[in-house]
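Participant: Quick one: this structure, given as structure tokens, is what I'll be asking you about.
The values are calculated or read from the model by the stated rules, or taken from the named source; none is laboratory data. Since this is a predicted model, take the numbers as computed values, not measurements. Reconstructed Cβ throughout: ideal geometry from the backbone, glycine too, with neighbour counts over all protein chains shown.
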């Protein structure tokens, strides 16, 4: 049984002191039949109290606030986990029986969120491009594997060409992106044929070189296979998820699974750095942290809104009255 020690650091630095910082954390490994969490420690600069609750999808979510002024926020997560191999689907039922089973889920509240297909101007274009791949002749599992392979083979893994806000249409036409783009695209394709599909955020823990997404947070898909349950598919690496992946959160899309997000009052100019370090069964010294961030995002201060005539010519007396309201 593989074991991993995963250290995940998120650092925000601000150009000037900020206040009233409220944050949400989804960095808690999800224990289940194939993942044992032996220990997990979250530490945050300024040591705020963190409240943890379980959300609608069964994820562990932490929330905290920092009222006092600060110019840096550092969130460290250190997890010690053990993974177990999955039992692969036997896929013994007929194709017709399996597709009938999927059709029966359309009005099941447990699956409705994962079947909803957003409207897209390129649906017809996608169906035409996939040609004979979109068919109900094969069993659902084979169909899902074909779609995952299509994404892997037809889209280039390239950092810096997309962001978390890049729409599906741009990903499809740009033919490039990173794991979250591959995941969103495969989710769309699976729902297009009526298979429930959900977004998974976590880590891929390679035991060999060349695995895409290693050393950072990763994303993949879980598809519902009739008479089996949820099965992970990693379109970025064209593989079935097994004991080398560690889940943190599941949801409809990235927005449901964002590892760290929040708001604050103050300057918009800030830098976000994310570092992930994974050891395969080896201890991480207590004070050792990854030195080089794997992800850096710099956000400049927002431009001042244009001055309108009302604001420009308002009298000093009116200003005083508005400030007192």
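Participant: Residue 252 fails exactly one of the following numbered conditions: (1) farther than 23 Å from residue 6 by Cα; (2) surrounded by fewer than 21 Cβ atoms within 10 Å (Cβ to Cβ); (3) over 18 Å from the mean Cα position of the chain (by Cα). What is the number of that condition?
Facilitator: (3) is the only condition that residue 252 fails.
Participant: Considering only residues of the stretch 9-37 that are within 17 Å of the chain's Cα centre (by Cα) and more than 18 Å from residue 48 (Cβ to Cβ), which is surrounded by the fewest Cβ atoms within 10 Å (Cβ to Cβ)?
Facilitator: Quick first cut of the stretch 9-37, residues within 17 Å of the chain's Cα centre (by Cα) only: 9-10, 23-30.
Now drop any that are not more than 18 Å from residue 48 (Cβ to Cβ), which leaves 29-30.
Working: 29: 24, 30: 19.
Looking at residues that are within 17 Å of the chain's Cα centre (by Cα) and more than 18 Å from residue 48 (Cβ to Cβ), I get 30.
Participant: So residue 61 ticks every box in (1) surrounded by fewer than 16 Cβ atoms within 10 Å (Cβ to Cβ); (2) within 23 Å of the chain's Cα centre (by Cα); (3) under 24 Å from residue 205 (Cα atoms) but one. Which box is left unticked?
Facilitator: (1)
Participant: Which of the residues belonging to the stretch 171-198 are under 17 Å from the mean Cα position of the chain (by Cα) and at positive phi? Walk me through it before giving the result.
Facilitator: Of the stretch 171-198, the ones under 17 Å from the mean Cα position of the chain (by Cα) are 171, 177-188, 197-198.
Passing the criteria: only 177.
Participant: Next question, about the same structure. Looking only at strands (runs of 3 or more DSSP E) that fall completely inside the stretch 160-274, which ones have 1 or more residues that are assigned by TED's automatic domain parsing to the domain that holds residue 104 and free of Cβ contacts under 8 Å to residues at least 12 places away in the same chain?
Facilitator: Working: elements: 197-204, 217-225, 229-234, 245-251, 260-265.
Counting at least 1 such residues, we get 229-234.
Participant: Looking only at the stretch 124-141, how many residues end up being in a helix (DSSP H, G or I), in contact (Cβ under 8 Å) with a residue 40 or more places away in the chain and surrounded by fewer than 16 Cβ atoms within 10 Å (Cβ to Cβ)? So that I can check it myself, show each step before the final result.
Facilitator: Step one: of the stretch 124-141, the residues in a helix (DSSP H, G or I) are 124-133, 140-141.
The next check asks that each one be in contact (Cβ under 8 Å) with a residue 40 or more places away in the chain; those that pass are 125-127, 130, 140-141.
Keeping just the survivors that are surrounded by fewer than 16 Cβ atoms within 10 Å (Cβ to Cβ) gives 125, 127.
Matching residues across the stretch 124-141 total 2.
Participant: Right, here's the next one. Applying the selection to the stretch 142-158, what residues are surrounded by 14 or more Cβ atoms within 10 Å (Cβ to Cβ), without any contact (Cβ under 8 Å) to a residue 40 or more places away in the chain and in a helix (DSSP H, G or I)?
Facilitator: Of the residues in the stretch 142-158, the ones surrounded by 14 or more Cβ atoms within 10 Å (Cβ to Cβ) are 143-152, 155, 157.
Checking the rest, the ones that are also without any contact (Cβ under 8 Å) to a residue 40 or more places away in the chain come to 146, 150, 155.
Hits for the stretch 142-158 are 146, 150.
Participant: For the stretch 43-123, which strands (runs of 3 or more DSSP E) that fit wholly inside it have 2 or more residues that are farther than 22 Å from residue 252 by Cβ?
Facilitator: Details: elements: 51-54, 60-66, 70-83.
Filter on the stretch 43-123 gives 60-66, 70-83.
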